[in-house]
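Undergrad: Can you keep this structure in mind? I'll have questions shortly.
Derivation of every value follows stated rules applied to the coordinates shown; laboratory data play no part. Quick caveat, the model's predicted, so the values are computed rather than measured. Reconstructed Cβ throughout: ideal geometry from the backbone, glycine too, with neighbour counts over all protein chains shown.
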Amino acid sequence: MMMMMRYECKRCGHSWEGRLPGGRRPVQCPRCRSGAWWEERTGLPLPLGAILARRDLGEELIRALDQAVRRSLEYAWAHPEETLPYLKAHAQELSEEVIWAHVRTYVNAYSLDVGEEGERAVERLFAEAEARGLIPPSPWPLFL
């Protein structure tokens, strides 16, 4: 007997639907599983998101935007109670416990600065995508 089930990962807050025999729960959510696969394969963290800027904006403006995002994140971390109404307004039927688990998982030190390891992870991801023909090669650096 196959049943369509809706699941919510307590670790990362991700929700998904799946068909499993007898309604058994999967061992791990697809998002967490893909991160584990990437880390095992590359030894690097899985890049999950980025704040991008067009190069034609110029380095000065891009760096100013970077600083504005940094200040915003620092403020949000210092005043988490002020962020909750916004988070709830954009959450998909998540409890506060799951919202904060999601924030702890996805808004972390890499959000402020990916560091050398994060840059290597992004460069590896782009190299893998280029090698598979998913994106065209680019002569431009990925980071300023």
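Undergrad: For the residues Asp66, Asp56, what sequence is obtained by ranking on other C-beta atoms within 10 Å, fewest first?
TA: Asp56, Asp66
Undergrad: Relative to the present Cα-Cα distance, how much length would full extension add between Leu46 and Leu112 at 0.36 nm per residue of separation?
TA: Stretched out fully, the Leu46 to Leu112 stretch lengthens by 22.2 nm.
Undergrad: How much length would be gained if the chain were fully extended between Glu60 and Ala127, taking 0.36 nm per residue of separation minus their Cα-Cα distance, in nm to one decimal?
TA: That works out to 21.4 nm of additional length.
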